[in-house]
Structures are given as C-alpha cells and as structure tokens.
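Remarks on the structure that follows.
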Amino acid sequence: MQQHFSLADCDVMGFDLDHTLCRYHLPQSARLIYDSFAQYLVTEKGYDKDLLTLAPASLDFCCKGLVLDIEEGNFLKLAEDGTVLRASHGTKSMTSEEILETYGRREWKHFNTVSGMVSRSAKYYLYDNYFDLPGALLCARVVDSLDQHDGQKKYDFWKDMVAAIQHNYKISAFKEDCGTYFPEVKNHPDKYLQRCPESVKKWLKQLKSAGKILLLITSSHSDYCRLLCEHILGNDFEEYFDIVITNALKPGFFSHTPNQRPFRTLENDEEQEALLSLDKPGWYSQGNAIQLYELLKKMTGKLDPKVVYFGDSMHSDIFPAHHYSNWETVFILEELLGDKVTVPVETESEPLEKKGKYEGDQAKAPYFVSEQWGSFFMDRLPGLEDAEETLVHTWSCKCISTYSTIAIPSLEAIADLPVDYRFTRFSSNSSATAGYYPSPPGALLPTEESVTMK
C-alpha cells in the first residue's frame, strides 16, 4: 500500500450528510435530541419527570466511543485491547478500585463482538455519533433514577429507549410533524444547522469540474435531506451531486446484497417499487453499494473506479465502506478540534469573557471534549494507588487508524488544498499520528511536543 493518498487519484467522491456536509450547532442540537427522547419516556412510558430538566453542564457526560453495558447500567471507555479504562454507573464515575473489581484488567466480555463493529445487541450499545450521544446522558440518568426508586440490579429500560428513538426519527415523522425533533428543526433551522462554508461549496464545484462523480449517501429520509441541503447549500443543491441516495440505512447499505436492499425511486418523498438494477444517475432511496458500484463503472468507463467516502460515524460510514466495499475513507472527527488543548494556558486571564460567551443554554465549549471521560484518543490504565500508570490508546483511536485512510476535523480543513495534495495515510508501518490532517491530536504527541503546542 502506498504511503500517500490524493483525491486526484479518486474517480468518485461520496459524502455522508449529517455531521459531515451538514454541520450542526452541537450544544443546541444535543439539547434538542435529549429533550425529544426524554419527553417520550416521561409522557409515553411514565418515567420520572426529573428527566425533563437538564443542566447544560451535564452534557459533559456525552463522549463519542462510549459503550453502554445495558444490563449493568454501566458506561465504559475501552482501551484498544478491550480493557476498561474508565466507567460510570449511571452518571456516577466508578473509581479505579470499582473498575478493577467489576471488570478486572482483562478484555471486556463483549469486546470481540463490539470490535467487529456489531452495535446492535440486547447486551450493549455503542455511542459513536452526535445523533446518538445525548441518549447516553439520558440512559445514564434513567439508571440513576431507577437506582434511587427501585434499587435495581439488572436494567430493563432499553426497549423504551429504542421506542423513543423510533418515535422521533421514524421515516414518516418529518411529514407528520410528529415527535419533538423534526418540527423544531423545521421551524428553527438556523438555531441548529451551520451553513456550508463558501470554501466547501467552491471545492465541491471544483471536484465536479475536474471530472469527479459526486455522491450524497445519507440515512436521513428524502424530506429531511432536502430541508438540510436547501438550508446549507441553497435551492440548487442537487446540481452539486450526480447521485443522491437517501434512507440508505447504513451500515446495511454497504453490507447487504441487492435483493436484501434494492434501490427504490421516489415520488413526493414516497418510496416506489424496487428496481432490479441502477441504470442512471438521479435521486434514489435505500439501495446497496454493489449495484451503485456497477453504475459507477458505467459512468467512469473504468473496471474498478476508485471511490472515497467522507463520513462521521465509524460504525455506519467508515468501517462498512472500508470493510465491505474497499473504498478509501475520510473520517470527519470534530474531536480533533478540541484535543489539541492539553493544558489551556489562557484560563486565568479570561474567565469573565469565557463565562459571558457560554452562559445560558450553551454547554461549555468545545462540546466534544468531556472532562468526565477525558481524551477520545488516549487514557491511563486504571492502577491501584501505588502502581505505575500506563498510557494506552483508546479503542476509538485504534479504529481510526485501522479503518480510515485519513482523519480531518471538517471538510473545511481540506477545501482550500489543491485536488492533487498528497496526504500521508494511516498504515500499520507508519507512526500512530500519520493520517491526521492538519495536525494530530495533542494527546497522541509526546509530552514535550504537546507542551510546545500551547
């Protein structure tokens, strides 16, 4: 495998929509997602009304890469070998002693299935994107509440959480104005959505005029996709893409066969009958990567056109595109923006300004750095009082270098680069920091370097 990666070598550019092309105002959208699930649990399932009140600071609990051990009510942060690095029971952090007592210094019992990116199980749930994350805080608070009232040892709330997710995000919810989530985003798009920077719009046009085929592949339904794209790109958004695929139901889009997941056409956002093959560019629903690739061969006139896919979810975008389709993958990782600041130097000099900026409904910035859970990339193995602490990579960090070609904080970070810019890719024989652009997370640098980065 060559050491460099360039977009110039790719024939096709595929983009995820939510949190990739369409960036959200994270504190506001987190609050909305939390509220939409909490409303349902309280009004439909009779959970404690206290769940409806949310202190903005408590969103600090939300951290990508957490695994919920459903029966135990515990949240876990895992090392690359599956050892538990940090844990909480409900929202309450467990001590090193409690972690060692409960999980020992060995691989967590479900690690072999979770590390194959199997996120659906009755035993655990993997939190790896910003749509899911506020649900982690809600589940943790549900555990707190059940402990307080019932002193439970095993937990059975997960089916209600799934019902809350389905109620808010089901396909018909946008059209029917049902649930809390879609009506609110429809009415206040500016509050939740960041418009696409001009540099990114210009870049997409440049890619197209350089002869690249552009795809939009999103699990969002067509009506929500249209709202987002019109808001962030403009009413002419369809001109940016050759093929738009909505309700793609990733990761199944990559792992399913054509007869398991055929493409469908759309009329007025209603899915029509299944197509036997995909014959021409256009807007489609559902589908699978196998038939899409056949169409891309025709469109490029190449036997094996090279595809790169940009996405923000390891589980739905990066792992399946890499594993099943052998596409190049660019991981959009907002955590790269926050992790540089290992020791904030300015804290003493500007507390008032900081307070003013993030008062009220906003969580402290940046939203994606959690004090409770620490770095997304590295952590210390829990040791007993007198033991030496060892720094290890997190499982999330290991997945990035294993399944992504490069990782960037946003599309904006690369939009001004020439198309033939050569990135250093992740590979087993390069350093752990090789594939991060424009710079690696501070936590992965030797201590002296991270100090000089201040």
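The values are calculated or read from the model by the stated rules, or taken from the named source; none is laboratory data. It should be emphasised that the depicted structure is a prediction, and the values quoted were computed from it without experimental measurement. As a convention, Cβ positions derive from the backbone with ideal geometry for all residues, glycine included, and neighbour counts pool all protein chains shown. Just the protein is used for accessible areas: all its heavy atoms, side chains included, with ligands, DNA and RNA removed. Shrake-Rupley method; radii C 1.70, N 1.55, O 1.52, S 1.80 Å.
Quick check: is even one residue across the stretch 61-81 in a helix (DSSP H, G or I) and either out of contact with any Asp or Glu (no Cβ under 7 Å at 6 or more places or on another chain) or surrounded by fewer than 23 Cβ atoms within 10 Å (Cβ to Cβ) (or both)?
yes
Look at residue 49 and say whether it is without any contact (Cβ under 8 Å) to a residue 24 or more places away in the chain, farther than 16 Å from residue 185 by Cα and open to solvent by 10 Å² or more (accessible area, probe 1.4 Å).
Criteria met by residue 49.
Taking the stretch 191-247 as the region of interest, how many residues are open to solvent by less than 40 Å² (accessible area, probe 1.4 Å), over 23 Å from the mean Cα position of the chain (by Cα) and on the phi > 0 side of the Ramachandran plot?
Total meeting the criteria: 1.
If you scan the stretch 128-144, which residues turn out to be within 9 Å of residue 90 (Cβ to Cβ), open to solvent by less than 20 Å² (accessible area, probe 1.4 Å) and not β-branched (Val, Ile, Thr)?
139, 140
Taking residue 143, is it β-branched (Val, Ile, Thr), without any contact (Cβ under 8 Å) to a residue 60 or more places away in the chain and either over 25 Å from residue 231 (Cβ atoms) or in contact with a Pro (Cβ under 9 Å, 6 or more places away or on another chain) (or both)?
no
Does residue 311 fit the bill of being under 17 Å from residue 246 (Cβ atoms), among the small types (Gly, Ala, Ser) and surrounded by fewer than 20 Cβ atoms within 10 Å (Cβ to Cβ)?
no
This table checks each residue for (1) in a loop (DSSP other than H, G, I, E, B); (2) in contact with a strand residue (DSSP E or B) (Cβ under 7 Å, 6 or more places away or on another chain).
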{"residue": "131", "(1), (2)": "yes, yes"}
{"residue": "138", "(1), (2)": "no, no"}
{"residue": "142", "(1), (2)": "no, no"}
{"residue": "149", "(1), (2)": "no, no"}
{"residue": "163", "(1), (2)": "no, no"}
{"residue": "167", "(1), (2)": "no, no"}
{"residue": "186", "(1), (2)": "no, no"}
{"residue": "196", "(1), (2)": "yes, no"}
{"residue": "200", "(1), (2)": "no, no"}
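Which members of the stretch 152-206 meet the condition of being acidic (Asp, Glu) and within 30 Å of residue 69 (Cα to Cα)?
Within the stretch 152-206, 156, 160 meet the criteria.
Does residue 236 satisfy being closer than 30 Å to residue 302 by Cα and modelled with pLDDT of 95 or more?
Against the criterion (closer than 30 Å to residue 302 by Cα and modelled with pLDDT of 95 or more), residue 236 qualifies.
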